[in-house]
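This report concerns only the one structure given below.
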Amino acid sequence: MKETKVVKFGGSSLADANQFRKVADIILADPTRRFVVASAPGKRLVEDIKVTDMLYNCYELASEGEKFEEQFNLIKERYNGIIEGLGIQDFSLDEDFDIIKGAFSHMAGRDYAASRGEFLNSKVLAKFLGFDFIDAAKYIFFNERGEFDWNKTSEKLAPKLAKSEYAVIPGFYGSMPNGTIKTFSRGGSDVTGSIVARAVDAMIYENWTDVSGFLICDPRIVNNPSPINTITYAELRELAYMGATVLHEDAIFPVRAAGIPVNIKNTNCPQDRGTMIVSETAEPCEHIITGIAGKKGMSVINIEKDKMNSEVGFGRNVLRALEKSNVSFEHMPSGVDTMSVVIQTDALAGKETAILDEIRSRVHPDQLFIESNLALIAVVGRGMKSARGTAAILFTALAEARVNIKMIDQGSSELNIIIGVAEEDFEVALRAIYNAFIKVKK
Ligand code: ADP
Ligand code: ASP
Ligand code: MG
């Protein structure tokens, strides 16, 4: 369907009646915006609580056998405020609220609870726009292992959408083979949007949020960073994985498989161009790097042993030890006699001793220790391949900012350089890198 656009609106775009109006104006301005994926109401102000978080909290009370009416009423108020603010007549969510409340009392599951945020918001939006409402529970599927099942989904979703001219589909959730509701991880409405775009072979997937595109760096850390005009799926995947949360990291896969471009746009400034995400681009990069992102909460297992390079199977044995504790790793930079394995601290929690003992018995290292409170920073850009001196600019910037680099890893595609720094240096390091590269035009 080449004349079809799929549009996804995030929580802040649908946080209250005023935002709903902006969203409706955007959708109705273009008749090819046919399929709309909606999030749950997000924050209206910084100190506000997202409806998804209210639902998690409320369900936790219910599952502990505590009273949850008060919390539940606050959720009802959010929706009723939107319905009243929009002046929608002959419409009420009261029956749904009763069903949901009953399900909370009967332990319907945490994912079910969270999914109601998008379910209810999409019903309101569909009514306001006069569009069909298509429940994701019946058309988006996970397999027995809890992984998204594209084959089953496309078989059911594509014919359903083909029968509808205009529809709203709730983001964030689908069904397990036994019919229970399962959600994607947080921010997962982006993934639903991408799946719907692929199912209808959309000409574009527009992802509407509260920033004018993908910015070179997290705007909460660097003041007013420039937006990125065009970015490739591969670059974006690196940045999203490393914490640039504007688009869920898994949202790339469905659209990439079908070559559908993604346009990140701002609901509050619809005239801004935003960021185009494409498979390849001939557009030269304005700077050597395309973007910077990073995350805290990392640990490194450091292993030292003389001549480890000549020991066949050394690396495999170390990784086997991780596998035995069911832990995956992020990066594995190595030297002649040293090897470091970077792991998310949360994933390691409670398993440290078992893993260290296993490594010790398998490879008999000279030194073995875990260093925690590490942050990783990814400097990403397709332009780095052809530019000289990228590493020099990076290291000079960090040295001048007095940041000690604890680890360096460069991807073989030359698309990224990953560095590890102490968590306390994270923000300073990001700002220093941003300033160094954005000052240097290619
Ligand atoms: P939505 O609710 O619309 O899905 P999100 O909160 O998931 O929006 O994502 C948008 C937010 O991502 C922005 O408000 C911004 O704070 C944050 N963010 C982090 N890194 C970046 C980046 N590199 N570019 C743009 N926004 C970023
Ligand atoms: N509402 C869900 C969340 O807060 C999903 C989303 O917004 O994409 O994570
Ligand atoms: Mg999001």
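Karplus-derived 3J(HN,Hα) values for the stretch 354-362, using 6.51 cos²θ - 1.76 cosθ + 1.60 with θ = phi - 60°, are 4, 5, 4, 4, 5, 4, 4, 6, 7 Hz; glycine and proline are entered as x. Magnitude of the charge dipole for the stretch 1-57, about its Cα centre and with charges confined to Cβ atoms of Lys, Arg (+1) and Asp, Glu (-1), is about 240 debye. Note: relative contact order over the chain, using C-alpha pairs below 8 Å and six or more positions apart, is 14 percent. What is the helix-to-structure angle for 150-162, meaning the angle in degrees between its Cα long axis and the longest Cα principal axis of the chain, kept from 0 to 90 and rounded to the nearest 10? Approximately 30 degrees, to the nearest 10. Gain on full extension, evaluated as 0.36 nm per residue between LYS43 and ASP94 minus their Cα-Cα distance, stands at 16.1 nm.
Note on ARG320/PHE395: beta-carbon distance plugged into 1/(1 + (r/R0)^6) with R0 of 41 Å gives a FRET efficiency of 0.75. Between the C-alpha center of the stretch 100-133 and that of the stretch 185-206 there is a gap of 19 Å. Distance from the C-alpha centroid of the stretch 307-327 to that of the stretch 348-390: 13 Å, rounded to the whole angstrom.
Among beta bridges from DSSP that stay inside the chain, the antiparallel ones total about 60%. Under the combined filter of DSSP loop state and at most 14 neighbouring Cβ atoms within 10 Å, the stretch 265-361 retains these GluC sites (Glu not before Pro): GLU280, GLU311.
Label sites at THR32 and ALA158, each approximated as a point 7 angstrom past Cα along Cα to Cβ, lie 2.1 nm apart. Applying a DSSP loop filter and a limit of 10 other Cβ atoms within 10 Å to the trypsin sites (Lys or Arg not before Pro) in the stretch 170-234 leaves ARG220. Each residue, ARG21 and ASN151, gets one label point 7 Å from its Cα in the Cβ direction; the gap between the two is 5.0 nm.
Taking all Cα pairs closer than 8 Å and separated by 6 or more residues, the relative contact order of the stretch 1-122 comes to 30 percent. For the stretch 1-85, the set of GluC sites (Glu not before Pro) satisfying both a DSSP loop assignment and a count of at most 12 other C-beta atoms within 10 Å is given as GLU3, GLU47, GLU64, GLU66. The three principal axes of the Cα atoms in the stretch 11-131 give end-to-end lengths of 48, 31, 23 Å, sorted in falling order. Between GLU64 and SER185, the FRET efficiency from the beta-carbon distance, with R0 = 22 Å, is close to 0.40. Each label was represented as a point 7 Å from its Cα along the Cα-to-Cβ direction; for MET332 and ALA387 these points are 3.0 nm apart. At an R0 of 30 angstrom, the distance between the Cβ atoms of GLU280 and ASP135 translates into a FRET efficiency of 0.25. Compared with the dominant Cα axis of the chain, that is its longest principal axis, helix 189-199 is turned about 80°.
Quick note: the coordinates plus some simple rules give every number you see, no bench work behind them. These numbers come from a predicted model, not from an experiment. So basically every Cβ, Gly included, is an ideal-geometry build from the backbone, and we count neighbours across all protein chains shown.
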